[in-house]
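Enquirer: Can you read through this structure? Questions will come right after.
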Amino acid sequence: SRNTTTYKDKTLLPGHTYTYRIRSYKKINGKNYYSSYSSTKKADVKMSKAKFKKVAVSGGKAVKITLQRDSKVDGYEIYRSTNGGKTYKLLKKITKNSTVSYTDKKVSRGKTYYYKFRKWKKVNKKTYRSGYSAKQSVRIG
């Protein structure tokens, strides 16, 4: 009869590539007999791409930024550009993964602001980050 055995590796870290190979064994009279190893298989572990849910002017005096939540990360970093998206500065680091919105109140009428964000997760004192979301622009009336 044919048996299937599965294994779930719970030690994976984002941003790493893992290589696996397997072999079978059979115990006969107390002694283990092993097959040859299988060919190797690689697995890249990446965070899913950061995505905005909505970026919109709120009350004419602020920009409300809503992010798509990812339950597997520790938080988010929101960046803002005031020069057409040429350079960005960190606007807000969110340290709770359940917080998915932020209101930027430091905006001026007649200006266009560009936003992007990325996700982060801390594992064993090291911080891993996703790629940046697509940029979103908002003009304050």
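The values are calculated or read from the model by the stated rules, or taken from the named source; none is laboratory data. Bear in mind the structure is a predicted one, so any value in this text is a computation, not a measurement. Here Cβ is always computed from backbone atoms with ideal geometry, including for glycine, and neighbour counts include all displayed protein chains. These area figures cover heavy atoms from the full protein model, side chains too; ligands, DNA and RNA do not enter into them. Shrake-Rupley method; radii C 1.70, N 1.55, O 1.52, S 1.80 Å.
Enquirer: Looking at T6, T17 in this structure, which one is closer than 30 Å to V73 by Cβ and part of a strand (DSSP E or B)?
Expert: Selected residue: T17, the only one of T6, T17 that is closer than 30 Å to V73 by Cβ and part of a strand (DSSP E or B).
Enquirer: Only residues that are open to solvent by less than 90 Å² (accessible area, probe 1.4 Å), over 21 Å from the mean Cα position of the chain (by Cα) and among the aromatic types (F, W, Y): list them for the range 13-66, please.
Expert: Answer for the range 13-66, where residues must be open to solvent by less than 90 Å² (accessible area, probe 1.4 Å), over 21 Å from the mean Cα position of the chain (by Cα) and among the aromatic types (F, W, Y): just Y20.
Enquirer: Hey, another quick one. Take the conditions over 30 Å from G141 (Cβ atoms), in a loop (DSSP other than H, G, I, E, B) and at pLDDT 95 or above and apply them to S98. Does it pass?
Expert: Taking the combined requirement at face value, the residue does not satisfy it.
Enquirer: Taking the residues in the range 109-133 that are open to solvent by 60 Å² or more (accessible area, probe 1.4 Å) and outside any strand (DSSP E or B) as candidates, determine which candidate is farthest from Q68 (Cα to Cα).
Expert: Looking at residues that are open to solvent by 60 Å² or more (accessible area, probe 1.4 Å) and outside any strand (DSSP E or B), I get R109.
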